[in-house]
Amino acid sequence: MTGFALGADQEEWCARWRALAAERLRPLAEKGEPGRVNRPLLAALGELGLLERVFSAGALELCLLRESLAYGCTEAETALALQGLGAHPVLRSGTEAQKERWLPAVRAGRAVAAFALSEPGAGSDAAALALAAVPDAAAGRGGWRLTGEKCWISNAPEADFYTVFARTGEGPGAKGVSAFLVPADREGLGGEPLDMLSPHPIGSLRFDGVPVGRQDLLGEPGRGFRVAMDTLNLFRPSVGAFAVGMARAALDATLAHTAGRTAFGGTLSDLQAVAHRVAEMATRTEAARLLVYAAAGACDRGGADVPRRVAMAKLLATETAQYVVDHAVQLHGAVALRRGHLLEHLYREVRAPRIYEGASEVQRTIIAKELYGALGAEVAGR
């Protein structure tokens, strides 16, 4: 990417994935059951090499991929992203044995991964986790028992393994959290699905003395919060890309509808109120797209301003997508509310990204903290 424009090769690459998502992946998604893991869809993502790309792509390529898939098939995009979110800590912080056991199956779409961070009382405030990892005397040195709950976990309770964050107590707040790889068949682990607005699977998990040892750690004890934040910082700009993909799909549908729908002696697009609203939708979508690309570029360069840029990208893109989809529904009228209509589907999908992986309010807090921190450093350096 040069400046603020994609190159011709990148544009062609994105168009190819948009078409593939609509033609190959959407039919598989439509055969799936809402709220359940769609394993045939995951297998197709693996067969096409898309899951491999999640682990080998830089931040910008990941954003382009997620945006393209979201445009053509939101279920495929979400399935791909959840595999990356759940397994990325294994790639970055896992042992060789953990990587060999799980990553090939994840890349092939045979094993379902999940990222288990949120709890009933600890959503946006991830440092307030209460899931307890109590030393297990019976297991000898380095063993724990996990006791507590996780909630709002994507792919739960159907995942094959979970990246679980629990309080081991090396220090207060974030300093006392460790990350574990917990297979779904581990003794004492249970869960149930939650009936949510979003069509992808979400559930809760119960840990009733689940045994874990040092061989299950992802990284060092007490450093789990860093594992979580590294993963979220990589995926937050691509959540923005997911939102941009939905906004672009809604915008294109609105352009086609308003240009062809007759009303008041002309088409809807002839009405200034309609045309101006579409112009606003397009402008906001383009602004969000560019901010997402800029944040992804900062991630790939490893700049010091990555947390601020990533937070800005997720905030603007998810809020923009909500605005664009809502106005697209309004301009389509009642037809957009029929079950099975693209916009009815997007209307349900677009709400959750403003909450997960850090709600919009959390993103604003991060942005403000980074801005005032930079100001303080500048003043101190004078």
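The values are calculated or read from the model by the stated rules, or taken from the named source; none is laboratory data. On a predicted model such as this, the values are computed, not experimentally measured, just so you know. All Cβ positions, glycine included, derive from the backbone under ideal geometry; neighbour counts span all protein chains shown.
Identify the residue in region 1-40 that is in contact with a Leu (Cβ under 6 Å, 6 or more places away or on another chain) and surrounded by fewer than 17 Cβ atoms within 10 Å (Cβ to Cβ) and, among all such residues, is nearest to residue 301 (Cα to Cα). Only one residue fits best here, namely 4. Checked against the criterion of being out of contact with any strand residue (DSSP E or B) (no Cβ under 9 Å at 6 or more places or on another chain) and either assigned to a helix (DSSP H, G or I) or farther than 19 Å from residue 223 by Cβ (or both), region 142-157 has no qualifying residue.
Considering only region 98-112, state which residues are more than 15 Å from residue 40 (Cα to Cα) and touching a helix residue (DSSP H, G or I) at 6+ places or on another chain (Cβ under 8 Å).
98, 99, 102, 103
In the condition set (1) assigned to a helix (DSSP H, G or I); (2) surrounded by fewer than 22 Cβ atoms within 10 Å (Cβ to Cβ), residue 45 is compliant with all but (2).
Okay, residues lined up against (1) outside any loop (DSSP other than H, G, I, E, B); (2) within 28 Å of residue 125 (Cα to Cα); (3) touching an Asp or Glu at 6+ places or on another chain (Cβ under 9 Å); (4) not assigned by TED's automatic domain parsing to the domain that holds residue 202:
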site: 336; (1), (2), (3), (4): yes, no, yes, yes
site: 344; (1), (2), (3), (4): yes, no, no, yes
site: 347; (1), (2), (3), (4): yes, yes, yes, yes
site: 356; (1), (2), (3), (4): no, yes, no, yes
site: 363; (1), (2), (3), (4): yes, yes, no, yes
site: 366; (1), (2), (3), (4): yes, yes, no, yes
site: 370; (1), (2), (3), (4): yes, yes, yes, yes
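Contact map, region 117-141: residues that are modelled with pLDDT of 85 or more paired with residues that are in a helix (DSSP H, G or I) and of a type in the set (Phe, Trp, Tyr), Cβ distance under 9 Å, separation 6+ or inter-chain. Pairs shown: 129/225.
Determine if region 218-227 includes at least one residue that is of a type in the set (A, V, I, L, M), farther than 28 Å from residue 76 by Cα and not in a helix (DSSP H, G or I). Checked region 218-227: no residue is of a type in the set (A, V, I, L, M), farther than 28 Å from residue 76 by Cα and not in a helix (DSSP H, G or I).
Is at least one residue of region 84-104 buried (at least 20 other Cβ atoms within 10 Å of the Cβ), in contact with a Leu (Cβ under 6 Å, 6 or more places away or on another chain) and free of Cβ contacts under 8 Å to residues at least 60 places away in the same chain? Within region 84-104 (the criterion being buried (at least 20 other Cβ atoms within 10 Å of the Cβ), in contact with a Leu (Cβ under 6 Å, 6 or more places away or on another chain) and free of Cβ contacts under 8 Å to residues at least 60 places away in the same chain), the answer is no, since none of the residues qualifies. The conditions of being more than 30 Å from residue 47 (Cα to Cα) and part of a helix (DSSP H, G or I) are met by residue 138.
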